[in-house]
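Read the structure below first, then the notes.
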Amino acid sequence: MNPFLNKIKDSFKAGNFLTRLIYINAGVFVIIKLALLVCTILKFPTHWVNYLEMPASLPNLLQQPWSIITYMFLHSHFAHAIFNLIALHYLGKLFLCYYNQKQLVAAYIWGGLAGAALYVMGYNLLPYFASYQAEAYLLGASASVMAILFATVGYSPNSQVQLALVGNVKLKYVGWAFLALDLIGLGSVNSGGSMAHLGGAFMGLLFGYCYANGKDLSKPITKALDWLANHYHMPSFKGWGASKKKIKVTVDNTQNMSDAQWNKKQKEREKLRQERIDQILEKIKKSGYQNLTDEEKKSLFDLSKKDE
């Protein structure tokens, strides 16, 4: 295999789920564009791409139900793709300050589904859009990105983000600014996209609000992906559906220990605990807290509590 492709493959496997989402979107964009170029040069039909976009027409949607998923990884042109991927990168990193990686993927999918639902409802229930229904198609990751933004807004609305030329701004104000733009956009050429954005934003707020109140809406998505990863043996999705290891239980009987033996054992435990903390802190120093696994975050929290 080409060394460049090998490098991309290794980077995909080593990256977190945010990196993988970006790679998937970028990869789909490049593959589709190359396929369309070949079809154009050879004068083959190119309407097949419509089967990956999500139609507003219910009869058409029933003929291609898979497009409810495929549309959220599809982009029409370079500017469309690069804007969404940059937004996904920065907002995804912010999201991971409060959630884990599986929740990021779940929020992405939930946002795309909610955006699709509002888009179809708008074109089938609102008279203004009825005349455009037959030729209207939806594509792009924008609804999913909006869900990721608003899941963070819903969970931590008063957290500060730094904007160029503006300075520190509360996250909720950034969210409301995007929301206002989409409300204005309902009467524009991209009114369908604005509807999808609003659907993603609503789902993101619901996701964040529920999580702040102890309910994790990511579980149905993560369970489905766990099943797929296990059933189809997908090594590229390391961390999805990993089989649970049996826990070996041992009994530590200290009742018959002498004071010297007990003190020695405590020192050994303290040494191991400190080594584990040092390992996690070193990983944070190199790649950031957001790249810790769930187990590492829990270990750091549990081990740190013993110092209090």
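So the values come out like this:
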| read-out | value |
| --- | --- |
| Qualifying residue in region 113-132 (condition: more than 23 Å from Gly187 (Cβ to Cβ) and at pLDDT 95 or above) | yes |
| Any chance Phe178 is in a helix (DSSP H, G or I), in the same structural domain as Phe95 (by TED's automatic domain parsing), among the aromatic types (Phe, Trp, Tyr) and under 17 Å from the mean Cα position of the chain (by Cα) | no |
| Selected residue (criterion: modelled with the highest pLDDT) from residues of region 206-223 that are under 15 Å from the mean Cα position of the chain (by Cα), of a type in the set (A, V, I, L, M, F, W, C) and part of a helix (DSSP H, G or I) | Phe207 |
| Set Gly185, Gly115: member being in the same structural domain as Cys97 (by TED's automatic domain parsing) and either crowded, with 19+ Cβ neighbours inside 10 Å or part of a strand (DSSP E or B) (or both) | Gly115 |
| Residue identified as more than 22 Å from Thr19 (Cα to Cα) and modelled with pLDDT of 85 or more among Leu179, Leu139, Leu149 | Leu179 |
| Only one of Ala14, Ala26 that is under 17 Å from the mean Cα position of the chain (by Cα), surrounded by fewer than 21 Cβ atoms within 10 Å (Cβ to Cβ), of a type in the set (Gly, Ala, Ser) and modelled with pLDDT under 90 | Ala14 |
| Pairs, first assigned by TED's automatic domain parsing to the domain that holds Ala180 in region 197-208, second of a type in the set (A, V, I, L, M, F, W, C) and outside any helix (DSSP H, G or I), C-beta under 8 Å, six or more apart | Leu206/Leu217; Phe207/Leu217 |
| Qualifying residues in region 134-182 (those that are of a type in the set (D, E, K, R) and closer than 30 Å to Ile32 by Cβ) - the one surrounded by the fewest Cβ atoms within 10 Å (Cβ to Cβ) | Glu135 |
| Total residues in region 48-93, condition buried (at least 21 other Cβ atoms within 10 Å of the Cβ), of a type in the set (A, V, I, L, M) and farther than 19 Å from Ile24 by Cβ | 1 |
| Region 160-170, residues that are in contact with a strand residue (DSSP E or B) (Cβ under 7 Å, 6 or more places away or on another chain) and either among the small types (Gly, Ala, Ser) or more than 24 Å from Gln101 (Cβ to Cβ) (or both) | Leu163, Asn168, Val169, Lys170 |
| Exclusive hit being aliphatic (A, V, I, L, M), closer than 25 Å to Ala201 by Cα and touching a residue at least 24 places away in the same chain (Cβ under 8 Å), set Leu85, Leu126 | Leu85 |
| Criterion: touching a Phe, Trp or Tyr at 6+ places or on another chain (Cβ under 7 Å) and hydrophobic (A, V, I, L, M, F, W, C) - qualifying residue of Val105, Val174, Val189 | Val105 |
| Single residue of region 152-165 satisfying the filter (small (Gly, Ala, Ser) and part of a loop (DSSP other than H, G, I, E, B)) that is modelled with the lowest pLDDT | Ala164 |
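The values are calculated or read from the model by the stated rules, or taken from the named source; none is laboratory data. In this text the structure is predicted, and so the values were computed from the model without any measurement. A quick note on method: Cβ atoms are made from the backbone with ideal geometry, for glycine too, and the neighbour counts reach across all protein chains shown.
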